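Structure first, commentary second.
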Amino acid sequence: MIVLGIETSCDETAAAVVTDGREILANKVLSQLDEHAPYGGVVPEIAARSHLDHIDRLVREAMDEAGLDLRALDGIAVTGGPGLIGGVMVGAITAKTLAQVLDKPLINVNHLEAHALSVRLTEAEADFPYLLLLVTGGHCQLVSVEDVGRYTVLGTTIDDAIGEAFDKTAKMLGLPYPGGPALEAAAERGDGTRFDFPRPMMGRPGCDFSFSGLKTAVAQTVDRLAAAGPNATDQGATDQAGTGLSAGDVDDVAASFQAAAVAATLDRTRAALARFRTVHPGTPRLVVAGGVAANRALRAALEELAGEAGAVLCAPPPALCTDNAAMVAWAGVERLGRGLTDGLDFAPRPRWPLGDVRADPA
Ligand code: KG4
Ligand code: ZN
């Protein structure tokens, strides 16, 4: 089975070809970073126009790289939501047109489901059920993944997603967009014990997350350091990117923020593992996915947690953690194999919780 995947729900235009034998025949990702960087965040209108300009070429390049004609495909999978609606519409129209002209099955993939199943593309032993920690720019959830389309959300964020907290903290520190990777790099140079930031929800019952209090604490610290000036902590230091902080301050705030965010995430994951175990006895499998799963400090901490909790950690390679179309194509393979195809009339959705994903053929 060979499936084309299309992803246009945020700021990556992507097309990939994947087989049910777990081969990635092509995986093209075009980042719109440069187009959004001047604005310090994704501008939906710019994103939609850019997807429109590039998606045809990316599909063609993916097919060329796979060495296949479009007629060789067994299905066309596309992210139908959740995401920025203009971009999702571009992908959906592209996929619907291809499916209609080629007379191939169409698979409407939930972007979160694509992240949730991505580990099964690279790890043959990632059998159901598993506990998923899904950490992206828009979502932060702990999910019991029981089967394709069968997801029980154990915990979610009550305010910001963790990736959003990374991005906003990075912005406060004058770090370049996108914030997550830049903040991680700064954190690796800094002292994570210098500021004792709150670890929101730690020790609370349940498995929900919260990051807004941490973000506020960081903002207050940044204001205090800026008022004191870059020289207050580092003699002769210069102002970093107009923040009023020295480079050392920036690195220490980044490291202290990352330490708090990782500790809070670990605590919630520990609670979810305990709950998962009451339903699924035996050695639990813990899977981390989504853009923030590329963070090395988080991966190392989860590895340690898995060790102490007697769980097995599976993480897709970083390139499959951030947005890509191979995960969409793979979700398409999984759904097509179960007869879960969709009509040409499906509506793109800006919001689409995992719990609303269809598990049974129509
Ligand atoms: O899954 P993803 O590519 O897109 C969404 O579906 O949101 O996740 C993007 C998020 C952004 O917030 C980005 O800053 C964050 O993942 N991210 C990271 C790292 N790489 C990407 N956060 C922390 N450390 C990283 N290395
Ligand atoms: Zn994503």
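The values are calculated or read from the model by the stated rules, or taken from the named source; none is laboratory data. What you see is a predicted model, and the numbers here were worked out from it, not measured in a lab. Cβ: placed from backbone, ideal geometry, glycine included. Neighbour counts: every protein chain shown.
What number of residues in the stretch 140-162 are within 14 Å of ligand 1 (Cβ to nearest atom) and surrounded by fewer than 23 Cβ atoms within 10 Å (Cβ to Cβ)?
Residues in the stretch 140-162 being within 14 Å of ligand 1 (Cβ to nearest atom) and surrounded by fewer than 23 Cβ atoms within 10 Å (Cβ to Cβ): 2 in total.
Would you mind stating whether Val287 is in the same structural domain as Ala92 (by TED's automatic domain parsing) and within 30 Å of Ala66 (Cβ to Cβ)? Spelling it out, it is not the case that Val287 is in the same structural domain as Ala92 (by TED's automatic domain parsing) and within 30 Å of Ala66 (Cβ to Cβ). Looking across the stretch 290-348 at every residue that is closer than 29 Å to Glu188 by Cα and acidic (Asp, Glu), the one that is surrounded by the fewest Cβ atoms within 10 Å (Cβ to Cβ) is identified as Glu308. Kindly establish whether Ala182 is within 14 Å of ligand 1 (Cβ to nearest atom), touching a residue at least 24 places away in the same chain (Cβ under 8 Å), over 30 Å from Pro129 (Cα atoms) and assigned to a helix (DSSP H, G or I). No; evaluated as a whole, the condition is false for this residue.
Against the numbered list (1) buried (at least 16 other Cβ atoms within 10 Å of the Cβ); (2) at pLDDT 95 or above; (3) under 24 Å from Ala289 (Cα atoms), Leu52 comes up short only at (3).
Each row is one residue, and each column tells you yes or no for (1) surrounded by 24 or more Cβ atoms within 10 Å (Cβ to Cβ); (2) in contact with a Pro (Cβ under 9 Å, 6 or more places away or on another chain); (3) under 24 Å from Phe211 (Cβ atoms).
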{"residue": "Gly91", "(1), (2), (3)": "yes, yes, no"}
{"residue": "Ala99", "(1), (2), (3)": "no, yes, no"}
{"residue": "Asp103", "(1), (2), (3)": "no, no, no"}
{"residue": "Leu112", "(1), (2), (3)": "yes, yes, yes"}
{"residue": "Ala124", "(1), (2), (3)": "no, no, no"}
{"residue": "Leu132", "(1), (2), (3)": "yes, no, yes"}
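Applying the set (1) of a type outside the set (S, T, N, Q); (2) assigned to a helix (DSSP H, G or I); (3) surrounded by fewer than 22 Cβ atoms within 10 Å (Cβ to Cβ) to Gly206 leaves exactly one unmet item: (2). Note on the stretch 278-327: residues that are assigned to a helix (DSSP H, G or I) and in contact with a strand residue (DSSP E or B) (Cβ under 9 Å, 6 or more places away or on another chain) total 17. List every residue pair whose Cβ atoms lie under 9 Å apart, where the two residues are 6 or more positions apart in sequence or sit on different chains, the first residue falls within the stretch 52-67 and is more than 21 Å from Glu35 (Cβ to Cβ), and the second residue, located anywhere, is assigned to a helix (DSSP H, G or I) and not β-branched (Val, Ile, Thr). Filtered contacts from the stretch 52-67: Met63/Leu70; Met63/Ala72; Ala66/Ala72.
A search for C-beta distances below 8 Å between a residue of the stretch 217-228 that is farther than 17 Å from Pro200 by Cα and any residue that is in a helix (DSSP H, G or I), counting only pairs 6+ apart in sequence or on different chains, returns Val222/Met172; Val222/Val253; Leu225/Ala232; Leu225/Asp249; Leu225/Val253.
Tell me, which strands (runs of 3 or more DSSP E) lie completely within the stretch 87-147 with 3 or more residues that are away from ligand 2 (no atom under 16 Å from the Cβ) and outside the structural domain of Ile24 (by TED's automatic domain parsing)? Walk me through how you get there before you give the answer.
Working: elements: 106-110, 130-135, 140-147.
Hits in the stretch 87-147: 140-147.
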